[in-house]
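Undergrad: Okay, here's the structure, questions in a sec.
The values are calculated or read from the model by the stated rules, or taken from the named source; none is laboratory data. Everything numeric in this text was worked out from a predicted model, so none of it was measured. Glycine gets a Cβ as well: all are built from the backbone with ideal geometry, and neighbour counts include every protein chain shown. In case anyone asks, the SASA skips ligands and DNA or RNA and just uses the protein heavy atoms, side chains included. Shrake-Rupley method; radii C 1.70, N 1.55, O 1.52, S 1.80 Å.
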Amino acid sequence: MLPELLQGVDTGGLLVIQDSASYSGRHLLQSFINAALNREEAVHVLGFEVSEEELKDGLRGSPVQRLHFHNAYTDPLGWTDHPAFTVHQFCLGELTRLVKQTSHSKPATLVIDSLSWILRHVSTPDVCRTLQQLRKGGAVRSIIGLLHADMHQRGTVGSVCHSATSVITVEPAMRGDEAVAKITKRSKSGKVIQDEEIFRIKDDLTVVVQSKSSKGAKKADSEEQETDPTANLTFNLRLSDTEREAKQKLALPFVFSKEKKTALLHSGPGSGRIHYEPDANDDYDQEDPDDDLDV
């Protein structure tokens, strides 16, 4: 599934690369930038954590003429008089203006490096709202964001990932040059697809999937081999043919047979009846039946 995502995130999609201190997702983020540039797409990068020189040095060999870096690295909080881009400009209007400054006819890919920097200074609901507005606004084709999961509370990470159409969680693998990618993809129909792959990133930023993760393979095998939950019980849940025949012949007390219905609806000879004759003490008024009530 990882090569499929590298071929292009769906239009209006939000891809979140979730990493931690044990394994950085920046190299995978650079691979997505490199893949978008090779597809001749314009890429806008909101750089909070690395400088433009460091980013382009990591993309050596890529067609960086379509790469637009918005410098939020030198002054992310706007402490100087003329900051290039600040964290407080992370809103639909400012981002749309930045993207439309370029003369590309096709919608661009927006890369956020990283969402964690923004979440430290902007509330989670505002960040999620802006991401949803960008997805539906049409100014950008897709959004790719890096998120350091161990820097935030679980609720914050869950809210951002819930807004995403695809989430890639990267973890270290057994070998030093490999990593594990746990992928969750939500289709437009609402179907959720999960996969787990072992990959490595080559020097030219191409991603090579080595194999399916052993955990993912075991999980798939266990799903395929569905065991009978009634196999090892100490009692029998199934009926034999004789027991099933006896069950069908049993007359249940709350089920009325045809004979019982006839006996109840048609009274036969000798059946009891109640006759009542009013006496003089029965003060009953036909015009006011409730006259005897003390109301």
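Undergrad: Holding the Cα-Cα limit at 27 Å, pick out from Lys100/Lys191; Lys106/Lys212; Lys56/Lys202 the pairs that are longer than that.
TA: Details: Lys100/Lys191 33 Å; Lys106/Lys212 35 Å; Lys56/Lys202 17 Å.
Beyond 27 Å: Lys100/Lys191; Lys106/Lys212.
Undergrad: In the chain, what percent of the accessible surface is made up of carbon and sulfur (1.4 Å probe, ligands and nucleic acids excluded)? Before the final figure, lay out the partial values.
TA: Details: 9520 of 19130 Å².
Taking all protein chains in place, the chain shows 50 percent carbon and sulfur surface.
Undergrad: Based on the Cβ-Cβ distance from Val208 to Arg97, what FRET efficiency comes out when R0 is 35 Å, to the nearest 0.05? Please report the intermediate quantities before stating the final value.
TA: Details: r = 39 Å, r/R0 = 1.11.
With a Förster radius of 35 Å, E is 0.35.
Undergrad: Tell me, what HN-Hα J-couplings in whole Hz come from the Karplus equation 6.51 cos²θ - 1.76 cosθ + 1.60 at θ = phi - 60° for each residue of segment 132-140, using x for Gly and Pro?
TA: With coefficients 6.51, -1.76 and 1.60, one gets 5, 5, 5, 4, 9, x, x, 6, 10 Hz.
Undergrad: Can you work out the accessible area per residue across segment 2-213, with the rest of the protein chains kept in place, probe 1.4 Å, in square angstrom? It would help to have the intermediate numbers written out before the result.
TA: Working: 10310 Å² over 212 residues.
Here the per-residue accessible area is 49 Å².
Undergrad: Further question: I want to check the label-to-label distance for Arg175 and Lys260. Put each point 7 Å from Cα in the C-beta direction and report it in nm to one decimal.
TA: Inter-label distance under the simple model: 7.4 nm.
Undergrad: Among DSSP bridges having both ends in the chain, what percentage is antiparallel? Round to the nearest 5.
TA: Details: 21 of 47 bridges.
About 45 percent, rounded to the nearest 5.
Undergrad: Right, something else. (1) 169; (2) 397; (3) 152: which one is volume of the Cα convex hull per residue in Å³ as calculated from this entry?
TA: (2)
Undergrad: Here is a further query. Which of Phe85, Phe235, Phe256 moves the most in a Gaussian network model of the chain with Cα springs under 10 Å?
TA: Looking only at Phe85, Phe235, Phe256, the biggest GNM fluctuation is shown by Phe256.
Undergrad: Still on this structure, please answer the following. Which residues' amide hydrogens lie under 5 Å from the amide hydrogen of His104, considering only partners 5 or more residues apart or on another chain, with H built in the peptide plane?
TA: Excluding prolines and chain starts, which carry no amide H, there are no hits.
Undergrad: Let me ask something additional. Rank by packing, highest mean first: peptides 119-131, 186-198, 239-251, with packing defined as the count of other Cβ atoms within 10 Å averaged across residues. It would help to have the intermediate numbers written out before the result.
TA: Details: 119-131: 16.1, 186-198: 12.5, 239-251: 8.9.
Highest to lowest by the protection proxy: 119-131, 186-198, 239-251.
Undergrad: Now a separate question. Taking the DSSP beta bridges in segment 1-134 as the whole, what percent of them are antiparallel, to the nearest 5? Show your work: numbers first, answer last.
TA: Values: 1 of 11 bridges.
Percentage antiparallel, nearest 5: 10.
Undergrad: State the extension gain, in nm to one decimal, for the chain segment bounded by Leu250 and Arg60, taking 0.36 nm per residue of separation less the distance between their alpha-carbons.
TA: On the way: separation 190, 0.36 × 190 = 68.40 nm, distance 8.26 nm.
Extending this stretch completely gives an extra 60.1 nm.
Undergrad: Can you run phi through the Karplus equation (6.51, -1.76, 1.60; θ = phi - 60°) for segment 6-16 and list ³J(HN,Hα) in whole Hz, with x for Gly and Pro?
TA: 5, 6, x, 6, 4, 4, x, x, 10, 9, 10
Undergrad: Only loop residues by DSSP count here, and only those with at most 14 other Cβ atoms within 10 Å; note down the GluC sites (Glu not before Pro) in segment 1-74 that meet that.
TA: Working: sites: Glu4, Glu40, Glu41, Glu49, Glu52, Glu53, Glu54; in loops: Glu40, Glu41, Glu49.
Those that pass, being in a loop and sparsely packed, are Glu40.
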